[in-house]
1. How much of the accessible area of the chain, probe 1.4 Å, is carbon plus sulfur, in whole percent?
2. For a test of the definition: using alpha carbon positions, the gyration tensor, and the 1.5 limit on a/c, classify region 20-247 as rounded, prolate or oblate.
3. Could you pull out the pairs from 258/311; 97/207; 207/311; 207/258 whose alpha carbons sit more than 30 Å apart here?
4. Cα axis of helix 2-13 to longest principal axis of the chain: angle in degrees, 0 to 90, nearest 10?
5. Report the extension gain between residue 61 and residue 155 in nm, rounded to one decimal, defined as 0.36 nm multiplied by the number of residues separating them, less their alpha carbon distance.
6. Evaluate the distance, in nm, between pseudo-label points positioned 7 Å from the Cα of residue 233 and of residue 177 along their respective Cα→Cβ axes.
7. Collect residues whose amide H, placed 1.01 Å from N in the peptide plane, falls under 5 Å from the amide H of residue 147; neighbours closer than 5 in sequence don't count.
8. Using the basic label-point model (7 angstrom from Cα toward the beta carbon), what is the residue 75 to residue 292 distance in nanometres?
Amino acid sequence: MTRLILFLLIAVHLGLSTRITFASDAGRSAVVVMYHRFGEDQFPSTNIQIEQFEEHLRILQNEDVPVLPLSHVIDRLSAGETLPDRAVAITVDDAYKSVMTEAWPRLKAAGYPMTLFVSTDMVDSASPGVLSWDDIRQLADEGMEIAHHTTSHAHLTRITPEEVVAELDRAAERFKSELGHVPALFAYPYGEASLAVREAVRAYGFKAAFGQHSGPTHAGSDFHYLPRFALNERYGETDRFRLAIGTLPIPATDISPKDMALTAANNPPQFGFTLTQRLDNSDLMNCFASHLGQVAVNRLGASRVEVRFDKPFPTGRGRINCTVPATGGGWRWIGTQFVIDPQ
Ligand SMILES: [Zn+2]
């Protein structure tokens, strides 16, 4: 005991007190990034330019960022085990040929794993510019992890729970017959997930499911609605990439609304969350809504955060992101995506 007190006194004296506060953070989170197309400049909203992608890989290499297989990240975090500090996992959605021709050779050369989320109808369509099952088997043989992204890439919030299960079943059958197994990881098409869709995906037995809202994944996350930083031409510049891979979580619980699919009755939503950890600088929290820009942050007591919007989110997908300056630089981050389907 005396030794502990002495240590604390020395730590405070040396200005190390913030490190003690944040000791529980180390290795408890990871950043998952998401791409779609590589060097397909005619599709800027889903494409990353080759120069941008190569710059991302250079940053990861130069800064010795541990790039880990996504399933490893999920297994460790869900088991309460630690990861190397600043761990990153790379994911790609859909099954464009440029994954094989542009991304994979560069990732292999760097020794980086990646996970590909595949919608099976897209592969079955045998369209030009899309991977074939032979391609996917070859990539899997070379170590790429193949994951589940539904059958038809449907907007899951617009179909019935039975239809959602059918989307999962039909793709599972295709994976089973083409690859010999059914993937354990899932990504919601467009990142769109209502509460009912999330429950259906959870009940189906997936280990984890990913959206397209920004933020790091951490041990306290909902593993069936995990965030990923989407990187495209507009959001793929060096500064934003550095910012994304350096983020730490704003650990929170009781995130409201529970259902991120909004209706006329709850749009605008009453957004809020409860911090599960004391954060330095939490009084400096800023929140940004995709349709309003910066919005006021209301603190209730030490841990509850509430945000109100004076205008409904427009039809489509809407986002809210909240940030706190992290001790030692960079940002803590929490974000979510709302789905507002046409009525
Ligand atoms: Zn997709």
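1. C and S fraction of accessible area: 54 percent.
2. Working: a/c = 1.61, a/b = 1.15, b/c = 1.40.
In terms of gyration-tensor shape, oblate.
3. Pairs exceeding 30 Å: 207/311.
4. 80 degrees
5. That works out to 30.2 nm of additional length.
6. 3.9 nm
7. Counting only residues 5 or more places away or on other chains, the set is 116, 117, 118.
8. For residue 75 paired with residue 292, the spin-label model returns 4.4 nm.
The values are calculated or read from the model by the stated rules, or taken from the named source; none is laboratory data. Nothing here was measured: the structure is a model prediction, and the numbers come from that model. In this analysis, Cβ positions are derived from the backbone assuming ideal geometry, glycine residues included, and neighbour counts consider all displayed protein chains. Ligands, DNA and RNA are excluded from the accessible area calculation, which covers all protein heavy atoms including side chains. Shrake-Rupley method; radii C 1.70, N 1.55, O 1.52, S 1.80 Å.
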